[in-house]
Amino acid sequence: MKKVLITGGSGLVGSRLTELLLASGNYEVMHLSRSGRHIPGVTVYEWDVEAGEMEEEAIQKADCIIHLAGTGIMEKAWIDSQKEKIIESRTLSTAFLVEKLTVLDHHVKTYIGASAIGYYGIEESDETILHHEEDAAGSDFLAQVCVEWEKAHAEVPSNIRSAVIRIGIVLSDKGGALVEIAKPIKAWAGAALGDGNQVVSWIHIDDLCRIFIKAIKDEKMTGIYNAVAPNPVTNAELTRIIANSLDKPLFLPNVPEPAMYLLLGQQAESVLRSIKASEDKIVKAGFEFDFVDAQKAVDDLYK
């Protein structure tokens, strides 16, 4: 039975990925955790990146490492210290894993790192570009986060197969964008943000987790892959879709862009600008999406 070690295993993606791996019966799941809290069916090892401490047995027992851990992008306001924390939580933890993979005796064959389609940068014009994995990075803060994290992933020893998954907007009823958009809709106060035309490259959480599972199994998967569904929608369309699924009306005008910046500061960029990413590469690798229609994806989660 293949042993999979996950960092960030208690997060939105990591927890669902853990459930699906365990449900398959084909994997033993281990977590690297700061808290060390017990999770049924999972062996939990502790690590502290800042202190340079880790229960090294986690690396020594693993066949595959999936590195998801990082400070939440929207957790706190983007003051300089928080920006530094967001980047370093990703780069320093990755460097720590790379160090252990370099110095310890182990049999890790596969390393799968997380990134995001924020790599491509926010679109400032009305013309939205379809981004592929080989495209250049953007210049805004979220792009910088992804660039630095991917640089750290690239240091994984060359004898280990490595893949990086650039994650789109994850649709889940347990947290993330879907829950945040649904909150005002449930309170009869839902509305599109800005002009509502910004493109949302989304993915159902189960499809995202299945991409990670494919990356575990498929030895041909190396390099960068976008994890987005084939049919992106606009913010206004997604808002309507969620309202339809919740059987709630939308009657308020769009939330003006200045109001979003007043509420969120620089973080407003992440919800007011477009990033449109292509799914072609992962499809050509043989992946088949269960959810290609945003309405069906949201209905699956809420109905």
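FYI, it's all coordinate maths here, none of it is from the lab. No experiment lies behind these values; they were computed from the predicted model shown. Heads up, the Cβs are rebuilt from the backbone with ideal geometry, glycines too, and the neighbour counts pull from every protein chain shown.
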- Query: Using modelled amide H (1.01 Å from N, peptide plane; none on Pro or chain starts), what sits under 5 Å from the amide H of residue 224, excluding residues fewer than 5 places away?
  - Reply: 164
- Message: Using 0.36 nm times the number of residues separating residue 293 and residue 247, minus their current alpha carbon distance, what extension gain do you get?
- Response: 14.7 nm
- Contour minus end-to-end for residue 159 and residue 136, with contour as 0.36 nm per residue of separation and end-to-end as the Cα-Cα distance? 5.6 nm
- Message: Nearest 10 degrees is fine. How inclined is helix 177-186 to the longest principal axis of the chain, computing both from alpha carbons?
- Response: 40 degrees
- Query: For the stretch 201-303, what is the largest minus smallest coordinate of the Cα atoms on each principal axis, given in angstrom and ordered from greatest to least?
  - Reply: 49, 33, 17
- Item | Helix axis angle, 12-24 relative to the chain longest principal axis, alpha carbon, degrees | 60 degrees
- For residue 109, go through the lysines and keep the ones whose alpha-carbon is under 19 Å away, minus same-chain ones fewer than eight residues off. 2, 3, 61, 100, 214, 217, 220
- Each label point is 7 Å from the Cα along the Cα-to-Cβ direction; what then is the distance between the points at residue 81 and residue 219, in nm? 5.0 nm
- What is the distance in Å between the Cα centres of the stretch 189-256 and the stretch 90-155? 20 Å
- For residue 104 and residue 174 in the same chain, what is the full-extension length gain: residue separation times 0.36 nm, less their Cα-Cα distance, in nm? 21.6 nm
- Task: Quick one: divide the alpha-carbon radius of gyration of the stretch 67-204 by 2.2 N^0.38 Å and tell me what you get.
- Result: 1.21
- Message: With every atom except the alpha carbons ignored, what do you get for Rg and Dmax of the stretch 156-232, in angstroms?
- Response: 16.3, 54
- Query: Based on Cα positions only, what radius of gyration and what Dmax would you give for the stretch 2-302, in angstroms?
  - Reply: 19.1, 61
